[in-house]
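Peer 1: Before I ask anything, let me first share the structure, which is written out below as structure tokens.
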Amino acid sequence: MTCNSGFSAIFVIIIILNLSPAFGYTIALQETEEHTHQAKSEEQNKGFKPGDFIFDHIKDAYDWHILTYKDFHLSIPLPVIVYSKTKGLNIFFSSKFHHGHNSYKGFKIAHEGKYEGKVVELMEDGTDIRPIDLSISKNVFAIYICIILMFWVFISVARVYKNNQGKAPKGLQNFVEPIILFIRDEIAIPSIGEKKYEKFMPYLLTLFFFIWINNMMGLIPIFPGGANVTGNITVTMALAAFTFVVTAINGNKFYWQEIFNSPEVPFWLKIPIPLVPIIEIIGMLTKPLILMIRLFANITAGHIIALGFFSLIFVFGDMQVMLGFGVSPLSILFTIFMTFLELLVALIQAYVFTLLSALYFGMATAEHH
Amino acid sequence: MELVTPELGLLFWMIVSFGIVLWILKKFAWKPILNALKEREHSIEDALLSAEKAQEEMIKLEADNEAIIRKVKVERDGLLKEARQVKEKMIQESKEQASEEADKIIEAARLSIENEKIAAIADIKDQVATFSVEIAEKILKQKLAGKEDQKELIDKLLNEIRFN
């Protein structure tokens, strides 16, 4: 029984993941429909804009929007933390903006221009400047949810390991253990080597589960999922930066020698113009850059495609209501297919990021003879 | 453009929270889990090794047993062979002894027969001598009934005996 509970939990999660796109997106689309209606009444010539709709969903936000029905907006307000030179530190809930309609304490959410969608400070001369913005945005909040989930899962599993020492694994342990073993035996040991892999295991495990859980949460369309965390360039940048820093800290003398003074390269490529070192340094920086862009692009693309299929309903619905209904089964079918694909992509991207990080660590710690 | 512009606030929170997660999970989750896994692997490996060892020992024991059995068999065969040899030897010996004895008996018998024969012959000789003397006596008694006959014989005998 206990052994099955882990698997059944996963099964339930997968079912939810597969069923919920239709449900969640419908809510999201209700909202857009409302928007469209409003927009129609305000400006007759403006229809449904799939671009805006999609980007609204994949961008970060100051509140966690759940649903809109007629004039009623249901969203979770999140704390805005801004620091400006003139007004100092200000902390307040994003509900004070009334969904971007109001300004509060001289701050407002910009609707156009360079800082569109961001909190800006209204200056006396009428210009907007961007304060230092440490708000707990939708993505930050989603990260916290992921973190709580990780703490709960892994610390409880660790406790089971401690209490259940020398016995067969059970429950959640059964789900987590093969993944941990996979990361250890298929990623860390082959990439880094038997001798040094242990040092990097905590980072690789944290990285893998963080990316994977966030990818999966991103596939759940409603709260607590739906935030596009790993499809956000800032998040992937931070992750890539961690990999870069860990690589740099653990790089041995061979690694640095290879970069600055490669012994296999003739001297005239190093002096007077350090051509090869420059190329090597660029290569060193490109690795995390590629990690950053790959994860961001894959996850964002998945979200855009899934939302794109749903936009089709409203694009056609704008032309003729029945046409929209007619297209919807096809859209749902495509979206279900995309969600299955995204489930795979979520795992593959977490795997690739972890594998490449491990390979970079392996390169940085390799012993030359 | 906003999609690919890093946001400072998010970057800050991301780095802080990921760093904390890394540290806490390392301390409270990954270390115990990895250690437990390692320990379990070690214990399994040990168990397998000892099982292998036991098996080896068993094979060795079996081999020993077989060797012992073989040795015993060889010994038994040896014993049997020896016994057979002893038996044959005994039979041979007894045979020889018997024949020797028989020979002896036969010899003794022969000897006694010879002796008897000699004795018998001697006896016969005696008797023959006695008989011949008696016969001669009788003949002589008969022949020498007259005086002339006696004288003639004495003369004859005297003639025969030469005085030299």
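The values are calculated or read from the model by the stated rules, or taken from the named source; none is laboratory data. Here the structure is a predicted model, which is why all the values come from computation and not from measurement. Ideal geometry is used to build each Cβ from the backbone, glycine not excepted, and the neighbour counts take in all protein chains shown. Protein only, heavy atoms only, side chains kept; ligands, DNA and RNA dropped before computing areas. Shrake-Rupley method; radii C 1.70, N 1.55, O 1.52, S 1.80 Å.
Peer 1: Rounded to the nearest 10 Å², what accessible area does A:T247 show when all protein chains are kept and the probe is 1.4 Å?
Peer 2: Its accessible surface works out to 10 Å², give or take rounding.
Peer 1: Another question about this same structure. Taking R0 as 22 Å, what FRET efficiency do you get between A:R294 and A:L359 from their Cβ-Cβ distance, rounded to the nearest 0.05?
Peer 2: Numbers: r = 14 Å, r/R0 = 0.62.
Using R0 = 22 Å, I get an efficiency of 0.95.
Peer 1: Then there is this: Hey, what D do you get for chain B in µm²/s if you plug the Kirkwood alpha-carbon radius into Stokes-Einstein at 25 °C and 0.890 mPa s? Could the numbers behind the result be given before it?
Peer 2: Values: Rh = 31.1 Å.
Answer from the Stokes-Einstein relation: 79 µm²/s.
Peer 1: For the range A:71-220, max minus min Cα coordinate along each principal axis, in Å, sorted largest first?
Peer 2: 69, 37, 26
Peer 1: Length gain on complete extension for the stretch A:I132 to A:F260, per 0.36 nm per residue less the alpha carbon to alpha carbon distance?
Peer 2: Numbers: separation 128, 0.36 × 128 = 46.08 nm, distance 3.72 nm.
Contour length minus the Cα-Cα distance gives 42.4 nm.
Peer 1: Compute the accessible area per residue over the protein assembly as shown, keeping the other protein chains in place, probe 1.4 Å, unit Å². Could you put the intermediate results ahead of the total?
Peer 2: Values: 32720 Å² over 533 residues.
For the protein assembly as shown, the solvent-accessible area averages 61 Å² per residue.
Peer 1: Report the accessible area of A:I332, computed with a 1.4 Å probe over the heavy atoms of all protein chains in place, in Å² rounded to the nearest 10.
Peer 2: 60 Å²
Peer 1: Given C-alpha coordinates of the protein assembly as shown, what is the ratio Rg to Rh with the Kirkwood estimate of Rh? Intermediate values should be presented prior to the final figure.
Peer 2: Working: Rg = 59.4 Å, Rh = 32.4 Å.
We get a ratio of 1.83 for the protein assembly as shown.
Peer 1: Straight-line reach from A:K270: which aspartates and glutamates fall under 15 Å, measuring Cα to Cα and dropping same-chain residues less than 8 apart?
Peer 2: A:E258, A:E280
Peer 1: If you plug each phi of the range A:349-360 into the Karplus form 6.51 cos²θ - 1.76 cosθ + 1.60 with θ = phi - 60°, what whole-Hz ³J(HN,Hα) values come out, in order, with x for Gly and Pro?
Peer 2: So the J values, rounded to whole Hz, are 5, 4, 5, 5, 4, 5, 4, 5, 4, 5, 5, 5.
Peer 1: For chain A, modelled as a GNM with alpha-carbon contacts under 10 angstrom, which of A:D52, A:D185, A:D60 fluctuates the most?
Peer 2: A:D52
Peer 1: Rg/Rh for the range A:259-369: what does it come to with C-alpha atoms and Rh from Kirkwood?
Peer 2: Details: Rg = 23.7 Å, Rh = 18.0 Å.
With Rg and the Kirkwood Rh in hand, the quotient comes to 1.31.
Peer 1: Compute the convex hull volume of the Cα atoms of the range A:220-311, divide it by the residue count, and report the result per residue in Å³ as a whole number. Walk me through the numbers before you get to the answer.
Peer 2: On the way: hull volume 11.3 nm³, N = 92.
Looking at the range A:220-311, the number lands at 123 Å³ per residue.
Peer 1: While we're looking at this one, here's another question. Please state the Cα pair-distance histogram of the range B:1-78 with 10 angstrom bins from zero: what percent is in each bin?
Peer 2: Percent of pairs per bin, in order: 15, 16, 15, 13, 11, 9, 8, 6, 4, 2, 0.
Peer 1: Where Rh is the Kirkwood radius over the Cα pairs of the range B:41-100, the temperature 4 °C and the viscosity 1.567 mPa s, what D in µm²/s does Stokes-Einstein return? Intermediate values should be presented prior to the final figure.
Peer 2: On the way: Rh = 15.6 Å.
D, rounded to a whole number, is 83 µm²/s.
Peer 1: Here's something else I'd like to know. Over 31 Å between C-alpha atoms is what I'm after, so list which of A:K105/B:K27; A:K138/B:K26; A:K196/B:K60; A:K87/A:K114 land there.
Peer 2: A:K105/B:K27; A:K196/B:K60
Peer 1: Using modelled amide H (1.01 Å from N, peptide plane; none on Pro or chain starts), what sits under 5 Å from the amide H of A:W64, excluding residues fewer than 5 places away?
Peer 2: Correct list: A:I76, A:L78.
Peer 1: Could you compute the net charge surrounding B:A122? Neighbours are other residues with a C-beta less than 14 Å from the C-beta of B:A122; K and R count +1, D and E count -1.
Peer 2: Numbers: positive: B:K117, B:K125; negative: B:E114, B:E116, B:D123, B:D126.
Every neighbour counted, the sum reads -2.
Peer 1: Tell me, what is the percent relative contact order of chain A, built from C-alpha pairs under 8 Å that lie six or more residues apart? Mind showing how you got there, number by number?
Peer 2: Numbers: 443 pairs, mean separation 74.3, N = 369.
Dividing the mean separation by the residue count of chain A yields 20 percent.
Peer 1: Once amide H atoms are placed 1.01 Å from N in the peptide plane, what residues at a sequence separation of 5 or more from A:S135, or on another chain, have their amide H within under 5 Å of its amide H?
Peer 2: Distant-sequence amide H within range of A:S135: A:I81.
Peer 1: Now, a different point. Whenever you get a sec, compute what percent of the accessible area on the protein assembly as shown sits on carbon and sulfur atoms (1.4 Å probe).
Peer 2: Numbers: 21400 of 32720 Å².
Roughly 65 percent, rounded to a whole number.
Peer 1: Enter the per residue convex hull volume of the range A:91-177, computed from alpha-carbon coordinates, in Å³ rounded to the nearest integer.
Peer 2: Details: hull volume 12.2 nm³, N = 87.
Convex hull of Cα atoms, per residue: 141 Å³.
Peer 1: When only the heavy atoms of the protein chains count and the probe is 1.4 Å, how do A:V82, A:V265 rank by accessible area, highest first?
Peer 2: Values: A:V82 0, A:V265 30 Å².
In descending accessible area the options line up as A:V265, A:V82.
Peer 1: Using a 10 angstrom cutoff on alpha carbons, build the Gaussian network for chain A and name the most mobile of A:V345, A:V246, A:V160.
Peer 2: With Cα springs under 10 Å in chain A, the top fluctuation among A:V345, A:V246, A:V160 is at A:V160.
Peer 1: Continuing with this model, one more query. Straight-line reach only, C-alpha to C-alpha below 24 angstrom: list the lysines that B:K138 could link to, leaving out same-chain residues fewer than 8 apart.
Peer 2: B:K125, B:K147, B:K151, B:K156
Peer 1: Another question, then. For B:L10, A:L355, B:L157, write out the residues from largest to smallest accessible area, computed with a 1.4 angstrom probe and no ligands counted. Please report the intermediate quantities before stating the final value.
Peer 2: On the way: B:L10 5, A:L355 45, B:L157 85 Å².
If we order B:L10, A:L355, B:L157 from most to least accessible, we get B:L157, A:L355, B:L10.
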